[in-house]
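Reading through the structure tokens given below for one structure.
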Amino acid sequence: MLFFLSFNIILPELPDVLKKLNGEAYLGYILPAFAFSALLARPLSGWVTDYLGRKKAMIGGALFCVIAGLLYPWAQTIGLFFLIRFIHGFSAGFSPTGFTAFTADIVPETRRGEAFGWQGIFSNSGTAAGYALGASIVLWWGQNGLFLSSSIMGILAIAIFFLLPETKPLRPSAPSRKLFYWKAWPPALLMLLVCIPLGALLTAMPDFTKQLGYDNKGIFLTVYISSSLLVRVFSGKLSDRLGSAAGIAIGSAFQMVALLLLFYQSAFFLAAILYGVGQGFNAPSLFAWAGSVSTPETRGRALSMLFMALEIGVIIGGVGTGWILNLSKNSYHLVFGFCAIASLMALAFSGAQHKKARFNGPS
């Protein structure tokens, strides 16, 4: 939770920092610069997690957070700002791979869905709290105080990571040069499919919400995150009982219904709730699946494939949405239809995998 607090408390303030540098034309690159850096770090993070250790990946990622927080006040040019932003992205590339592999190591396979559900509750709570705390910290201590607070939270996260036991198996005599564990391709493909709508909604929702007449442009995302957090209390357990593929099928069905409601521009808040419920099923099920198909020696690389798929899916959804809306500013129904197709594909594939697992063993 501290790790996610560390880099999310500064996010709402970064546009103002860039504006002070006369960088208004580059505001749209704040998130992509971070995401692109995280995407580049993912393959290496899996290798580090498997061969150098879970703790080294966690601590290394948090260290990038600390360094970036200390450097932001020194960003006097647009180029330097984005260089720091790029460095900061490596934190998201390394730490989540490390602590997700750690969680999979210490929890029995029959309870991994439940464990990842609770991990998601704390990580998403850190994200949500970061958005809320950032503005208050700026009011109390200014922008430099905010960046220092980010670094302090990163240091506290490192202190906790140091206290954790190392769960990496003994290193093989000859470390593999392979950066990916291809047996994790089914959950990685599903992660890609379920994150395409996420990227689209993150891009389209602020303006679509305003078009519907709501003053709070973040209301859909707030409701969606809240319902996602609530459902994770039991969704992971249900996924453990039914199988990961079944959990993803349930989640994809909820999200497809939500996107169809948005397509017809009806039941806006119900759509937000249903989409969050779907996400609450999908996330723990996907990570549990990757943990189950991998061995302790390959777990870091398997999970890094899921995180790579997440980044790529969000990018595809965001870019695709931008392309559709550039053709016509009122084409939101096409965006939601495009997303519903991705959810339908996830539902069909996860359903097929669940049927296959019934004959071949657990997914």
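The values are calculated or read from the model by the stated rules, or taken from the named source; none is laboratory data. For clarity, every value in this text was computed on a predicted model and none was experimentally measured. FYI the Cβ positions are ideal-geometry reconstructions off the backbone, even for glycines, and counts take in every protein chain you see.
Of the conditions (1) farther than 13 Å from Asn282 by Cα; (2) modelled with pLDDT of 85 or more; (3) crowded, with 22+ Cβ neighbours inside 10 Å, Ala245 clears all except one; give me its number.
(1)
Being in contact with a Pro (Cβ under 8 Å, 6 or more places away or on another chain) and not β-branched (Val, Ile, Thr) is the requirement here; does Ser331 meet it?
Values: in contact with a Pro (Cβ under 8 Å, 6 or more places away or on another chain): no; not β-branched (Val, Ile, Thr): yes.
So Ser331 does not fit the description; no.
State all residues of segment 18-35 that are assigned to a helix (DSSP H, G or I) and at pLDDT 85 or above; if no residue qualifies, say none.
Lys20
Can you tell me which residue among Thr97, Thr167 is modelled with pLDDT under 90, crowded, with 16+ Cβ neighbours inside 10 Å and outside any helix (DSSP H, G or I)?
Values: Thr97 fails: outside any helix (DSSP H, G or I).
Exactly one residue qualifies, and that residue is Thr167.
Can you go through Ala38, Ala68, Ala62 and tell me which one is part of a helix (DSSP H, G or I), in contact with a His (Cβ under 6 Å, 6 or more places away or on another chain) and hydrophobic (A, V, I, L, M, F, W, C)?
Selected residue: Ala68, the only one of Ala38, Ala68, Ala62 that is part of a helix (DSSP H, G or I), in contact with a His (Cβ under 6 Å, 6 or more places away or on another chain) and hydrophobic (A, V, I, L, M, F, W, C).
Criterion first (within 24 Å of Met308 (Cα to Cα) and either not assigned by TED's automatic domain parsing to the domain that holds Val335 or not β-branched (Val, Ile, Thr) (or both)) does Tyr214 satisfy it?
Considered against the rule, which asks whether it is within 24 Å of Met308 (Cα to Cα) and either not assigned by TED's automatic domain parsing to the domain that holds Val335 or not β-branched (Val, Ile, Thr) (or both), Tyr214 comes out as no.
Within the set of pairs 6 or more residues apart or between chains, which connect a residue that is without any contact (Cβ under 8 Å) to a residue 24 or more places away in the chain inside segment 217-239 to a residue that is charged (D, E, K, R) with Cβ atoms less than 6 Å apart?
Lys217/Lys210
Just to be sure I understand, how many residues within segment 268-293 are more than 16 Å from Thr222 (Cα to Cα) and either surrounded by fewer than 22 Cβ atoms within 10 Å (Cβ to Cβ) or of a type outside the set (Ser, Thr, Tyr) (or both)? Give the steps one after another, and end with the answer.
Our first condition is that a residue be more than 16 Å from Thr222 (Cα to Cα); within segment 268-293, this holds for 281-293.
After this cut, where a residue has to be either surrounded by fewer than 22 Cβ atoms within 10 Å (Cβ to Cβ) or of a type outside the set (Ser, Thr, Tyr) (or both) as well, the list is 281-284, 286-293.
Of the residues in that region, 12 qualify.
Give me the residue from segment 136-162 that is of a type in the set (Ser, Thr, Tyr) and within 24 Å of the chain's Cα centre (by Cα) and, out of that set, surrounded by the most Cβ atoms within 10 Å (Cβ to Cβ).
If we take residues in segment 136-162 being of a type in the set (Ser, Thr, Tyr) and within 24 Å of the chain's Cα centre (by Cα), then Ser150 is surrounded by the most Cβ atoms within 10 Å (Cβ to Cβ).
Which condition does Leu18 not pass, out of (1) under 16 Å from Ala62 (Cβ atoms); (2) buried (at least 20 other Cβ atoms within 10 Å of the Cβ), if it passes all the others?
(1)
For every residue, the table says whether it meets (1) touching a Gly at 6+ places or on another chain (Cβ under 8 Å); (2) over 26 Å from Ser136 (Cβ atoms); (3) not acidic (Asp, Glu).
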| position | (1), (2), (3) |
| --- | --- |
| Leu14 | no, no, yes |
| Val17 | no, no, yes |
| Lys20 | no, no, yes |
| Ala41 | yes, yes, yes |
| Cys65 | yes, no, yes |
| Ala68 | no, no, yes |
